[in-house]
Amino acid sequence: MDTSKNWKTVSLLVCVFAMVREIRPIEPFFTSFLRSMNFTLDQINEEIYAVGTYSCLVLAVVIFLITDYFRYKPLIIADGIAGILTYALLLGTPSLYRVQMEQVFFGFFYSSEVAFTTYLYAKVDDKQYYQKITSLVKASMLFGRFLSGFIAQTIVSTHLLNEVYLLYISIFSTSFVTLWSLVLPKVEHSLYFHRNKELTLNNKLQQPIGVIIDDNTSNKVNKFKEVKQMLFDDFQSAYKNTYVVKKCFWWIVAVVGNIIVATYIQVLWEDVNQNKIELMNGAVESIHTLCGAAGAYAVGHLSYDWKKFGDIIFTAGTFVLALLLFIIYYCNSLWILYVLYISYGTCYQVLLTITTYDTITSNFSGMCKYKHFNILKMTI
């Protein structure tokens, strides 16, 4: 297939997957849903959400390593199946143990997002399209989240349907993406374990004369050794630049912090809502997504040397994030909490965009030797 047509076809398939995957209207009201099943806020906070948080942490590392080995598509299919199980386990009147199991599957579902994002770069060989496909997938995900919040708030506010239908729609969406993932084209080559045969042949030709390679007995051992060496080379190449190390450290801490905030903010909203007014979580998540996307888009089109005053900007920006979280902790007004959460999300997306762009465009003169490293840069 022609390259220009190939990247468009693959991008369309992945964008549909990414958008529908995010339409899970139960999420903005997940804490409310659990409370309706007689779980206390303490149980939700300490015994349920904690399981999901640690599952994400452990499974993210595992999935990153096995995604390449299984060549992406099986993990994408497994991602959809995990999504179905995540919400199917909530049907009926689940016990605490069943909800905790649901959180483990959610951890897999959340962590395996890396499978379909890296799948794109494995299918599209021409790097000139990487920027386009990255922006398309991100836009699709954000649009899906917006739709999810809008659908959730419409159902809750109009009372046209029972809240359990939020769960049904979430199951339908994850079922759809599971079926959709089956039509995704297979990946013949991956970044580490299944490299292009031409590259493998070149490596063999570089072997000294007289060296005999027994493919039947040592091929797998050699492959794992090669992968280990490539991972080490990538790590060493990336982090010998202290500027990149500093930015990546900020990125890791910020992303982990944002995941924790997004997970536990609903518990705070429920705790503060003593007057039992109608929650606007879906609308807030929609506005939060739109403001974050608008801020990221605006910053992405600014022509500015972020490296010049980068430390000052990030110090000030990080201080603003910390200040907003400090105020959120002590605030007792639900509406003010909503505004603060939207402000936090917008500021976070702006800083994250600057960090990603600044890191990618930094001087990687010694780091861009490998195609797979270029792809890893795009995925951040």
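Going by the structure shown, is Asn203 modelled with pLDDT under 65, surrounded by 11 or more Cβ atoms within 10 Å (Cβ to Cβ) and either part of a helix (DSSP H, G or I) or at negative phi (or both)? Walk me through how you get there before you give the answer.
Numbers: modelled with pLDDT under 65: yes; surrounded by 11 or more Cβ atoms within 10 Å (Cβ to Cβ): yes; either part of a helix (DSSP H, G or I) or at negative phi (or both): yes.
Considered against the rule, which asks whether it is modelled with pLDDT under 65, surrounded by 11 or more Cβ atoms within 10 Å (Cβ to Cβ) and either part of a helix (DSSP H, G or I) or at negative phi (or both), Asn203 comes out as yes.
Which residue out of Ile252, Ile260, Ile287 is closer than 30 Å to Val51 by Cβ and modelled with pLDDT under 80?
Ile252
Go through the range 266-280 and give me each residue that's modelled with pLDDT of 90 or more and closer than 11 Å to Ser157 by Cα.
Once the filter is applied, which keeps residues that are modelled with pLDDT of 90 or more and closer than 11 Å to Ser157 by Cα, the range 266-280 yields only Met280.
In the range 61-76, what count of residues is obtained for those that are surrounded by fewer than 20 Cβ atoms within 10 Å (Cβ to Cβ), among the hydrophobic types (A, V, I, L, M, F, W, C) and modelled with pLDDT of 80 or more?
Residues that pass the stated criteria total 3.
Conditions tested, residue by residue: (1) at pLDDT below 80; (2) not aromatic (Phe, Trp, Tyr).
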| residue | (1), (2) |
| --- | --- |
| Cys291 | no, yes |
| Asp311 | yes, yes |
| Ile328 | no, yes |
| Ile342 | no, yes |
| Thr353 | yes, yes |
| Phe364 | yes, no |
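Could you identify the single residue in Phe105, Phe109 that is open to solvent by less than 10 Å² (accessible area, probe 1.4 Å), within 19 Å of Ile171 (Cβ to Cβ) and in contact (Cβ under 8 Å) with a residue 12 or more places away in the chain?
Testing whether each residue is open to solvent by less than 10 Å² (accessible area, probe 1.4 Å), within 19 Å of Ile171 (Cβ to Cβ) and in contact (Cβ under 8 Å) with a residue 12 or more places away in the chain leaves just Phe109.
For the range 151-173, what are the residues that are touching an Asp or Glu at 6+ places or on another chain (Cβ under 9 Å) and surrounded by 18 or more Cβ atoms within 10 Å (Cβ to Cβ)?
Ala152, Gln153, Ile155, Val156, Leu166, Ser170, Ser173
Would it be correct to say that Lys132 is surrounded by 19 or more Cβ atoms within 10 Å (Cβ to Cβ) and in contact (Cβ under 8 Å) with a residue 12 or more places away in the chain?
Values: surrounded by 19 or more Cβ atoms within 10 Å (Cβ to Cβ): no; in contact (Cβ under 8 Å) with a residue 12 or more places away in the chain: yes.
No: the conditions fail for Lys132.
Among the residues of the range 93-100, is any under 14 Å from Thr174 (Cα atoms) and assigned to a loop (DSSP other than H, G, I, E, B)? Lay out the reasoning, then the answer.
Pass one, the range 93-100, residues under 14 Å from Thr174 (Cα atoms): none.
Looking through the range 93-100, none of the residues is under 14 Å from Thr174 (Cα atoms) and assigned to a loop (DSSP other than H, G, I, E, B).
On the given criteria, is Lys123 of a type in the set (D, E, K, R) and crowded, with 20+ Cβ neighbours inside 10 Å?
Details: of a type in the set (D, E, K, R): yes; crowded, with 20+ Cβ neighbours inside 10 Å: yes.
Yes: the conditions hold for Lys123.
The values are calculated or read from the model by the stated rules, or taken from the named source; none is laboratory data. Computed from a prediction, not measured in an experiment: that's the story for all the values here. Please note: Cβ atoms are built from the backbone with ideal geometry, for glycine as well, and neighbour counts cover all protein chains shown. Each accessible area value is taken on the protein alone, full model and side chains, heavy atoms only, with ligands, DNA and RNA left out. Shrake-Rupley method; radii C 1.70, N 1.55, O 1.52, S 1.80 Å.
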